[in-house]
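**Student:** Have a look at the structure that comes next, please.
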Amino acid sequence: MKKKIYWRLSLICATVILAVVFFLPNTPAFKYMPEWWKETMPDKGIVLGLDLQGGLHLVFEVEGDKAVEITTERYTSRLKSLLATKKLNAKVSANGLNITVNPSNDAIKNIISEDFPSLALIESQNGLVYKISDKEARWIKENATDQALETIRNRIDQFGVAEPTIVRQGENEIVVQLPGVKDPKRAIDLIGKTAQLEFKLVDDEDKAAAELPQSILPSEEENLLKQFAEKIPVDDEILFEKKVNMETGEVRKIPVLLKKQASLTGDILSDAQVNIDSRFNNYYVSLSFNSSGAKLFEEVTGANVKRRLAIILDNTVYSAPVIQEKISGGNAQITGNFSMEEARDLSIVLRAGALPAPMKMLQNVTVGPSLGRDSIEAGKIAGIIGTIAVVIFMIFYYRLSGVIADFALFLNIILLLGAMASLNATLTLPGIAGVILAIGMAVDSNVLMFERMRDELRAGKTPRAAVDSGYHKAFWTIFDSHVTTLITAAVLFQFGTGPIKGFAVTLSLGVAINLFTALIGTKSVFDIINIKRELKKLSI
Amino acid sequence: MIELIKNPNVNFLGKKYIAFVFSGILSVIGIIAIVLIATGHANLGIDFAGGTSIQLKFEKPVVLHDIRLALERGGLKDFDLQDLPTINKILIRVKKSEQELGQGSEKITDILRQGFPENKYVVDSTTVVGPKVGGRLRADAAKAVAFAVIGILIYVAFRFQFKFGIGATIATFHDVLAVLGLFYIMGKEINLILVTALLTIAGYSLTDTVVVFDRIRENLKLKQRESVETVMNSSINEVLSRTIITSTTVLLTSVALFFFGGEVIHDFSLAMIIGVIIGTYSSIFVASPIVLLWGGKRPFAKK
């Protein structure tokens, strides 16, 4: 009997010590521990969830179809240049996911099937209509998510966020968690920007260009596009340059008629840096091209002297300077009234590369740091008040046995915090509620036992016999009632989002630990009291 | 020994028809609430309905009406406003925003920055949920409830007899419906946190029911001569003080959370308070009578 108790007591002590060691990093005391302790002992503890420490939780959907479209456009321009070098006179145009080649003849057909095996011929009646084969399209879509993930990781690394989480979810979604970000809007812009850099020639020769208005209000954009849809050449498109009046803050848009086909794209970049124009104190981003890019840029500028070349980022024109002479050396710049942050972020996204496809934001949960702080404070106060209320109630109702139950309650709290710390579990706001509820439920098992013991006492048993049989009779009831809570906690864990998962974790840990403290802790105390001397009366 | 009630001897099962009427009304309200929620006629939270919600904390007190006017002037349509005047916080919600996600929230903060230049604010939180995620969260919540119910049914049926499983499940369902119905009537927001509270209530109320069932099972074995109804009544009476005390301790902590836990889990704690009270009532007045009605006179002898 004695041996059994000592064994149980040492088990309790060991778990308490472990719990304290694991929880220590969450207390101010950890700072004052010796170096060897900090190096060898657990140093992470309970992690605060985004809802408590503040930060961003973003879910993006990578638009895979757009990636296929972009690849289709790339194939179109390669196809054009291939047919041109083979001296075959053909008209090639991309239309969404289709590439149409005219005229339809066997020579062209053969070249395409030989050099572009991933293009599938879907029609040959009115010209040759190709599209990227299903297999290739699927691969592009899958790859797009992976590439986007990699690009986002790159951008965030360069932006500098401590402990970001960037994971893929399902087929085409990316979840980004950035704890403690101060400027959420900037971070969202940085991550979500496609950063598709293009150089396109301005079509000033077409008569539609002369009809375009000087500038319009942003609200008139749709109307203008509708109005000009029929007037402009098939190979052209209208994009806008944004102009902000520095004094009034008014935004106006300048329409520019451009060749649809990009002369150069962002994949020729080797570097992008922020620079300052000392004359106007303006920030701009200077671009360096890789060697093949530099050669291409020289060719394009050489062939189009006196024409305008527009620099376009994500379908917005940034500038459209006139090419004065052939530009060699592989440098260009993007100007446009940037603030230092804007220029810096732009250079980051250009260096990290473009996303393979645009992304749609599905969810954005941003929590400011002050709300999290307030929540933790409120949780602490509620926890302390709730605990005190339960402690007093138990002593009031069960007297000395209530003190034993309260001892089990504190044991429960310590072990719960220790268990969470040992798992590096994430504490969320609902999780705090879970801890506090667990405190309320912790005494349940003791109440069950005490009531049983009272029944036994009423039936005329001695205190020791009452303790033993009350304990045994209550066991299965306690077990059953705990399992039911565990079932719902498991379901919540499976289907819940982040904060609710946190709740499920604390609740289920609380319940499991409660079983331990009630069955080992409380019983041991009763046994110890009983061993000293046979109790005449049970204070219950 | 302090005792809540000395040797209670209440004929709980005798009042089963009164209880059934009361519970029936609660359940019907709950079912109506579910139908209305499913058809989109409820005050669904942003997480389920999709849209934008922003919580702002101002430096100085603000008048809700002024904010409303400023937002309307700024061209914002179809929004809800709510304030927590003691801490100068306001909550703005725009449901099913047609605008590009993210831009909606910027527009709101811009309008308020320009509209109240002398009263600065910090953005406490922004939540933007697209329709796709909203739909997924709704489906997940429904699945969670379904799996919890099935899990509970299986466990209780495994540990007890099937009819106890039915009784426990109906009682649990009743509690969830009642809390949902009451929340609907109070015009509270139906959101993920509430579903979490509902499932917690389900687990907790079941705990209560299991304790009562345990005693009934034990007494049925001991007192084979008495009628099932008498045994059930005396069993409920025997565990009555326990039922009330355990509920009291959970209530104590829930009330502490309600008053001191902060605004984010305010509704969660309210749901817990209501749920614990109803769960206690149902384990006495709903679960056992159903087993009695379902189980007939004395088919309990075997186990």
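The values are calculated or read from the model by the stated rules, or taken from the named source; none is laboratory data. Here the structure is a predicted model, which is why all the values come from computation and not from measurement. Cβ placement follows ideal geometry from the backbone for every residue including glycine, while neighbour counts extend to all protein chains displayed.
**Student:** Quickly run through region B:208-232 and pick out the residues that are closer than 24 Å to B:Val21 by Cα, surrounded by fewer than 24 Cβ atoms within 10 Å (Cβ to Cβ) and not aliphatic (A, V, I, L, M).
**Tutor:** B:Glu229, B:Thr230, listed by residue number.
**Student:** Let me ask something additional. Show the residue pairs meeting these rules: Cβ distance below 6 Å; 6+ apart or different chains; first residue within region A:361-390 and on the phi < 0 side of the Ramachandran plot and at the interface with another protein chain (Cβ under 7 Å from one of its Cβ atoms); second residue among the polar types (S, T, N, Q) and in a helix (DSSP H, G or I).
**Tutor:** These pairs meet every condition: A:Gly386/B:Thr253; A:Val390/B:Thr249.
**Student:** Search region B:219-258 for residues being of a type in the set (D, E, K, R) and facing chain A (nearest Cβ under 8 Å), and hand back the single one that is nearest to B:Leu13 (Cα to Cα).
**Tutor:** The first filter runs over region B:219-258 and keeps only residues of a type in the set (D, E, K, R), leaving B:221, B:223, B:225-226, B:229, B:238, B:242.
Those left that are additionally facing chain A (nearest Cβ under 8 Å): B:238, B:242.
Details: B:Glu238: 14, B:Arg242: 19 Å.
This residue is B:Glu238.
**Student:** Still on this structure, please answer the following. Scanning for something under 38 Å from the mean Cα position of the chain (by Cα), away from chain B (no Cβ under 14 Å) and not in a strand (DSSP E or B), does region A:227-242 turn up at least one residue?
**Tutor:** Looking through region A:227-242, none of the residues is under 38 Å from the mean Cα position of the chain (by Cα), away from chain B (no Cβ under 14 Å) and not in a strand (DSSP E or B).
**Student:** Continuing with this model, one more query. Select, from B:Gly134, B:Gly181, the only residue that is at the interface with chain A (Cβ under 10 Å from one of its Cβ atoms) and touching a helix residue (DSSP H, G or I) at 6+ places or on another chain (Cβ under 7 Å). Give the derivation first.
**Tutor:** Numbers: B:Gly181 fails: at the interface with chain A (Cβ under 10 Å from one of its Cβ atoms).
After applying the criteria, what remains is B:Gly134.
Yes or no, residue by residue, for (1) within 24 Å of A:Ala433 (Cα to Cα); (2) of a type in the set (Val, Ile, Thr); (3) free of Cβ contacts under 8 Å to residues at least 24 places away in the same chain:
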| residue | (1), (2), (3) |
| --- | --- |
| A:Lys2 | no, no, no |
| A:Ile5 | no, yes, no |
| A:Arg8 | no, no, no |
| A:Ile17 | no, yes, yes |
| A:Phe30 | no, no, yes |
| A:Met33 | no, no, yes |
| A:Trp37 | no, no, yes |
| A:Thr40 | no, yes, yes |
| A:Gly49 | yes, no, no |
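**Student:** Here is a list: B:Ile25, B:Ile18, B:Ile32, B:Ile37. Which entry is modelled with pLDDT of 90 or more, closer than 30 Å to B:Val94 by Cβ and part of a helix (DSSP H, G or I)? Write out each step before concluding.
**Tutor:** Working: B:Ile25 fails: closer than 30 Å to B:Val94 by Cβ; B:Ile18 fails: closer than 30 Å to B:Val94 by Cβ; B:Ile37 fails: modelled with pLDDT of 90 or more.
Matching residue, one of B:Ile25, B:Ile18, B:Ile32, B:Ile37: B:Ile32.
**Student:** Give the residue that is surrounded by the most Cβ atoms within 10 Å (Cβ to Cβ), with candidates limited to residues of region A:315-328 that are touching a helix residue (DSSP H, G or I) at 6+ places or on another chain (Cβ under 7 Å) and in contact (Cβ under 8 Å) with a residue 24 or more places away in the chain. Walk me through how you get there before you give the answer.
**Tutor:** Just the residues of region A:315-328 that are touching a helix residue (DSSP H, G or I) at 6+ places or on another chain (Cβ under 7 Å), to begin with: A:323, A:326-328.
Remaining after also requiring in contact (Cβ under 8 Å) with a residue 24 or more places away in the chain: A:326-328.
Details: A:Lys326: 14, A:Ile327: 17, A:Ser328: 13.
If we take residues in region A:315-328 being touching a helix residue (DSSP H, G or I) at 6+ places or on another chain (Cβ under 7 Å) and in contact (Cβ under 8 Å) with a residue 24 or more places away in the chain, then A:Ile327 is surrounded by the most Cβ atoms within 10 Å (Cβ to Cβ).
**Student:** Has region A:521-537 got any residue that is surrounded by 23 or more Cβ atoms within 10 Å (Cβ to Cβ), of a type in the set (D, E, K, R) and in contact (Cβ under 8 Å) with a residue 12 or more places away in the chain?
**Tutor:** No, that holds for no residue.
**Student:** May I pose another question? Tell me which residues, restricted to region A:183-201, are touching a residue at least 24 places away in the same chain (Cβ under 8 Å) and either surrounded by fewer than 16 Cβ atoms within 10 Å (Cβ to Cβ) or part of a helix (DSSP H, G or I) (or both). Walk me through how you get there before you give the answer.
**Tutor:** If we filter region A:183-201 for residues that are touching a residue at least 24 places away in the same chain (Cβ under 8 Å), which is where we start, we get A:184, A:186-201.
Result: A:Pro184, A:Arg186, A:Ala187, A:Ile188, A:Asp189, A:Leu190, A:Ile191, A:Gly192.
**Student:** A:Glu451 - would you say it is acidic (Asp, Glu), without any contact (Cβ under 8 Å) to a residue 40 or more places away in the chain and within 12 Å of chain B (Cβ to nearest Cβ)? Reasoning before the result, please.
**Tutor:** On the way: acidic (Asp, Glu): yes; without any contact (Cβ under 8 Å) to a residue 40 or more places away in the chain: yes; within 12 Å of chain B (Cβ to nearest Cβ): yes.
Here the answer is yes, as A:Glu451 does meet what is asked.
To keep it simple, each residue is scored yes or no on (1) touching a helix residue (DSSP H, G or I) at 6+ places or on another chain (Cβ under 6 Å); (2) within 23 Å of B:Gly165 (Cβ to Cβ).
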position	(1), (2)
B:Ile190	yes, no
B:Val212	yes, yes
B:Leu220	yes, yes
B:Ser227	no, yes
B:Ile236	yes, yes
B:Ser254	yes, no
B:Glu263	no, no
B:Asp267	no, no
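**Student:** Follow-up. Can you go through B:Asp214, B:Asp175 and tell me which one is within 14 Å of another protein chain (Cβ to nearest Cβ), free of Cβ contacts under 8 Å to residues at least 40 places away in the same chain and among the acidic types (Asp, Glu)?
**Tutor:** Numbers: B:Asp175 fails: free of Cβ contacts under 8 Å to residues at least 40 places away in the same chain.
Being within 14 Å of another protein chain (Cβ to nearest Cβ), free of Cβ contacts under 8 Å to residues at least 40 places away in the same chain and among the acidic types (Asp, Glu) holds for just one of B:Asp214, B:Asp175, which is B:Asp214.
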